[in-house]
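The values are calculated or read from the model by the stated rules, or taken from the named source; none is laboratory data. Keep in mind that what you see is a predicted model, and the values were worked out from it rather than measured. Every residue, glycine among them, receives a Cβ derived from its backbone with ideal geometry; neighbour counts consider all protein chains shown. Just so you know, the surface numbers come from the protein's heavy atoms only, side chains and all, with ligands and any DNA or RNA stripped out. Shrake-Rupley method; radii C 1.70, N 1.55, O 1.52, S 1.80 Å.
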Amino acid sequence: MGDDWYETVYENKHDEINQFIEQKHNTGRSPRTLNEYSRILQRFYHEYFPELSPEETEVKHIEEYIALLGERDVSQNTKRRYLESLSAFFSYAMKRPRFEGITGNPAAVVMEEIPKQYRERPDCATWENGRKIIHNIPDPRNKTIAVILAKTGCRLSEALEIEMDDLMLEEGLIRLRKRKGGKQTVVPVDEETIRVVERFQFIRSSEDSDYLFVSIRGDRISKAQVQRAVRRAAVDAGVMQEGEDRFHKKFTPHTYRTVFTTLMRNQGISDHVLRYIRGDSNGETMDIYTRVDRREAREEYLDCIKTLNL
């Protein structure tokens, strides 16, 4: 199944949970979000508390769940993310009269006591380091992916979903069709990125796949392949040590999102344009009132982006 594991939606023995997942599907939640909701709720009620029903769930059960996660050395942010899925279900059920037995949200009570931890920006997350790494990636496909990550700040999963029809290179644009929250965004790219993508298209081996980036077998490549390529190049470029696992010392494909964001902010790009390009989901309310014109966004983007000297 490879990287498509997150598209799996797990069936639950409790009908109210299955209805919750169905409702989230109908309201446009992404496959990854549906996977997380269904996976966490299934583990909670099938593995941790198989004799417990949603109606019987109390704060003490959530506290016991957190303690069990603690025994597994689960991080605070991961605990909070698990509770967010549980809380989303209880919040949904409380508003439906047909679930009259569910009258509270025990997960939300405990979640208030777990503050979100914000990690500092990685020490190595600089434009210069990102450039060095790209120069040390020998494979043209992986190099092209890294260029798109650096020049748009998109997530690796979003870059791997790019299809041939998404390339609007004559206009200086690329469509990212599967962004967080189920959105699509058309983002600007500069001439350097356009040249890199066009060169890769010329040597691209598979003509049968709609996806821009494919494996030697002609199917989509996995995130793990790109992660290994970036990690290897980071070591070869002297950006990180072999085997480095500390967050603030390692460079991963996701680090390019930090590199891009830092560069854009330092160059003075407008906040709403940056949010639009990054595909941030938490800015949706403001974006309803702040429409981003593609041409204006690209003009501002081109004033801020730097070259990779490829």
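Okay, here's what the table says:
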| item | result |
| --- | --- |
| Near pairs, Cβ below 8 angstrom, 6+ apart or cross-chain, from the range 226-239 (not assigned by the TED database to the domain that holds Tyr256) to any residue that is in a helix (DSSP H, G or I) and open to solvent by 20 Å² or more (accessible area, probe 1.4 Å) | none |
| First in the range 166-195 and part of a strand (DSSP E or B), second anywhere and among the polar types (S, T, N, Q), Cβ under 6 Å, 6 or more apart | Leu176/Thr185; Val187/Thr152 |
| Of all residues making up the range 186-201, the number that are under 17 Å from the mean Cα position of the chain (by Cα) and either open to solvent by less than 10 Å² (accessible area, probe 1.4 Å) or at pLDDT 95 or above (or both) | 1 |
| Residues that are of a type in the set (Lys, Arg), over 17 Å from Ile174 (Cβ atoms) and at pLDDT 85 or above, drawn from the range 271-310 | Arg275, Lys306 |
| Subset of the range 157-174 that is surrounded by 17 or more Cβ atoms within 10 Å (Cβ to Cβ) and of a type in the set (D, E, K, R) - its residue that is nearest to the chain's Cα centre (by Cα) | Glu158 |
| Qualifying residue in the range 86-103 (condition: at pLDDT 95 or above, touching a helix residue (DSSP H, G or I) at 6+ places or on another chain (Cβ under 7 Å) and either among the acidic types (Asp, Glu) or open to solvent by 90 Å² or more (accessible area, probe 1.4 Å) (or both)) | no |
| Only listed residue being open to solvent by 60 Å² or more (accessible area, probe 1.4 Å), assigned by the TED database to the domain that holds Thr103 and either closer than 18 Å to Lys180 by Cβ or outside any helix (DSSP H, G or I) (or both), chosen from His25, His46 | His25 |
| Unmet criterion (only one of (1) open to solvent by 10 Å² or more (accessible area, probe 1.4 Å); (2) in the same structural domain as Lys250 (by the TED database)) for Cys154 | (1) |
| Which numbered condition Glu51 misses (of (1) at pLDDT 95 or above; (2) part of a helix (DSSP H, G or I)) | (2) |
| Counted residues, the range 70-85 - those being at pLDDT below 90, surrounded by 11 or more Cβ atoms within 10 Å (Cβ to Cβ) and not polar (S, T, N, Q) | 1 |
| Helices (runs of 4 or more DSSP H) lying entirely in the range 57-144 (those with 1 or more residues that are farther than 30 Å from Ala159 by Cα and of a type in the set (Asp, Glu)) | 59-71 |
| Verdict on Ala234 being surrounded by fewer than 20 Cβ atoms within 10 Å (Cβ to Cβ) and either within 18 Å of Lys178 (Cβ to Cβ) or among the aliphatic types (A, V, I, L, M) (or both) | no |
| Selected residue (only one of Val186, Val197, Val226 is of a type in the set (Val, Ile, Thr) and in contact with a strand residue (DSSP E or B) (Cβ under 6 Å, 6 or more places away or on another chain)) | Val186 |
